[in-house]
Amino acid sequence: MTGRIAGLGSYLPKRIVTNDDLAAIVETSDEWIQERTGIAQRHISDPLVEKPSYMAGIAAQRALEDAGIDGSEIDLIVVSCTTPDKVIPTMACCVQEAVGADGCGCFDINSACPGWLAAYNTAQSFIESGNCSKALVVGVECLSNFVDWEDRGTCILFGDGAGAAVLVADESASKNRFIMHATYNKAECLTAEARMQPKRWEEEGFLKSTMFQMNGRDVFRFAVTEVPKIITELSEKYSFDLNDIDLFILHQANARIIETIAKRLGQDISKFPMTVYDTGNTSTASIPSLMDRLKKEGKLVKGQKIVLSSFGGGLTWAANYIEY
Ligand code: UT7
């Protein structure tokens, strides 16, 4: 048994922040942001209402509706989140309440942007080992709470949102095929210190260090080097031809990163759908919410061969091959 993706759902906050809105608070311009990132706007949550637990719950409800499954049938919930509004109960427990899945197993995973792939692979392993038959896998992020709004190098990149998938054990689904990597080399190019550290608030610079810190050039280089490598490694490990892939659904961080990866893989850019232009980088939510959008647009259809890949803090990166 392997999990078939039976339903998809997503949530984007109501408030849209354009590049011109950002140009009013930091020294930047719509032209610079669009040219370097492909981003035109992002959705930023209402901090009092659209908390990660709320966004995750709605994305999960929508995925269940799409699958035609009641929350009470779910026996596992895994949520990937780096920016939760609560540490206890976990985001997964909050989603459990939102969908009425009382009694099922629930836990969170934090693996930065590739976290949704880590959650997906974990849920698939539960299904393949016979430990569950219907799972909800959610990715949610509220980076607006962690971004330094005075740092033009990072605040222009991120947006908030959530994406979710329902996996249903199915004998005819092909085995889950994936690779995950991490390295401590260059870990310092993407960091955020935990805020709950005794006495650290008195240290100079501690508050800033709890905000998202990034060396953009190093992250860019890491992404365009490692993502083509892991996708090639995946195709060799599982013996498939990259030319047969219908869609490469990549982490939506930067259009230039995606374009460079497509070129390095020798693949046409039309196989690399993007939402980064209107959502910004929603970290772990980017892949499931893009899949949801593609499905609604009729571009994600049964039988397609798909590569998923993401990269981020840790440094971490991962890739999956799925037959949808
Ligand atoms: O989920 C993973 C998360 N992280 C990423 O995906 C980040 C990957 N990296 C990137 O996307 C790019 O490196 C950035 C978009 C962050 C930056 O683009 P870049 O082409 O690498 O620019 P840069 O950092 O090399 O900066 C070039 C110039 C600098 O000015 P000087 O030193 O040449 O005078 C920056 O100060 O652009 C300046 N700059 C800006 N100018 C206007 C940096 N940010 C901005 C800005 N507006 N927002």
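Throughout, read-outs are computed from the coordinates displayed, never taken from laboratory work. Remember, it's a predicted structure, so these values are computed and weren't measured experimentally. Don't worry about glycine lacking a Cβ; one is built from the backbone with ideal geometry, like all the others, and counts go over all protein chains shown.
Under the Karplus relation 6.51 cos²θ - 1.76 cosθ + 1.60, θ = phi - 60°, what is the ordered set of whole-Hz ³J(HN,Hα) values for region 131-146, x standing for Gly and Pro?
After applying 6.51 cos²θ - 1.76 cosθ + 1.60, I find 8, 7, 10, 9, 10, 10, 10, 10, x, 9, 8, 10, 5, 4, 6, 10 Hz.
Give the long-range amide H neighbours of residue 6: residues separated by 5 or more places, or on another chain, with amide H under 5 Å away, using H modelled in the peptide plane at 1.01 Å from N.
166, 167, 168
Using helices alone, what [θ] at 222 nm do you get for the chain, with -39,500 (n - 2.57) per DSSP H run of 4 or more residues, divided over all residues and rounded to the nearest 500? Mind dumping the intermediate values first?
Working: 11 runs with 107 residues, N = 324.
Helix contribution divided over all residues of the chain: -9500 deg cm²/dmol.
List the trypsin sites (Lys or Arg not before Pro) within region 12-91 that fall in a DSSP loop (any state other than H, G, I, E or B) and whose Cβ has at most 14 other Cβ atoms within 10 Å.
Values: sites: 14, 15, 36, 42, 62, 86; in loops: 14, 15, 86.
For trypsin sites (Lys or Arg not before Pro) across region 12-91 that sit outside H, G, I, E and B with at most 14 neighbouring Cβ atoms in 10 Å, the list reads 14, 15, 86.
For residue 229, list the lysines whose Cα falls under 17 Å from its own Cα; do not include residues on the same chain fewer than 8 positions away.
Output for residue 229: 237, 263.
Of 191, 118, 248, whose Cα points farthest to the positive end of the dipole of the chain (charges on the beta-carbon: +1 Lys, Arg; -1 Asp, Glu; origin at the Cα centre)?
248
Taking the Cα centre of the chain as origin, sum charge times position over the Cβ atoms of Lys and Arg (+1) and Asp and Glu (-1), and report the length of that vector in debye to the nearest 20.
On the way: 31 positive and 43 negative charges, 114 e Å.
In debye, rounded to 20, the chain gives about 540.
Do the alpha carbons of any pairs in 14/271; 86/186; 14/208; 186/299; 51/134 sit beyond 31 Å of each other, and which pairs? Don't skip to the answer; put the middle values down first.
Numbers: 14/271 29 Å; 86/186 29 Å; 14/208 28 Å; 186/299 37 Å; 51/134 26 Å.
Long pairs (Cα-Cα over 31 Å): 186/299.
Which chymotrypsin sites (Phe, Trp or Tyr not before Pro) in region 225-268 pass both tests, a DSSP loop state and at most 16 other beta-carbon atoms within 10 Å? Let's see the in-between values first.
Numbers: sites: 238, 240, 248; in loops: 238, 240.
Here the sparse-neighbourhood loop sites are 238, 240.
Relative to the present Cα-Cα distance, how much length would full extension add between residue 208 and residue 241 at 0.36 nm per residue of separation? Intermediate results must be reported in sequence, preceding the final value.
Numbers: separation 33, 0.36 × 33 = 11.88 nm, distance 4.56 nm.
That works out to 7.3 nm of additional length.
Collect residues whose amide H, placed 1.01 Å from N in the peptide plane, falls under 5 Å from the amide H of residue 147; neighbours closer than 5 in sequence don't count.
212
What's the whole-number percent of alpha carbon pairs in the chain lying beyond 31 angstrom? Kindly include the intermediate steps, with their values, before the conclusion.
Values: 13743 of 52326 pairs.
Across the chain, Cα pairs with separations above 31 Å total 26 percent.
Taking all pairs of different Cα atoms in region 1-124, averaging 1/r and flipping that mean, what Kirkwood radius in angstroms comes out?
Values: mean 1/r = 0.0617 Å⁻¹.
Hydrodynamic radius (Kirkwood, Cα pairs) of region 1-124 is 16.2 Å.
Of the trypsin sites (Lys or Arg not before Pro) in region 121-217, which ones lie in a loop per DSSP and count no more than 14 other C-beta atoms within 10 Å?
Details: sites: 134, 152, 175, 177, 186, 195, 199, 200, 208, 217; in loops: 175, 186, 195, 199.
Those that pass, being in a loop and sparsely packed, are 175, 186, 195, 199.
For the chain, modelled as a Gaussian network with Cα springs under 10 Å, which listed residue fluctuates most, 47, 114, 13?
Of 47, 114, 13, the Gaussian network model singles out 47 as fluctuating most.
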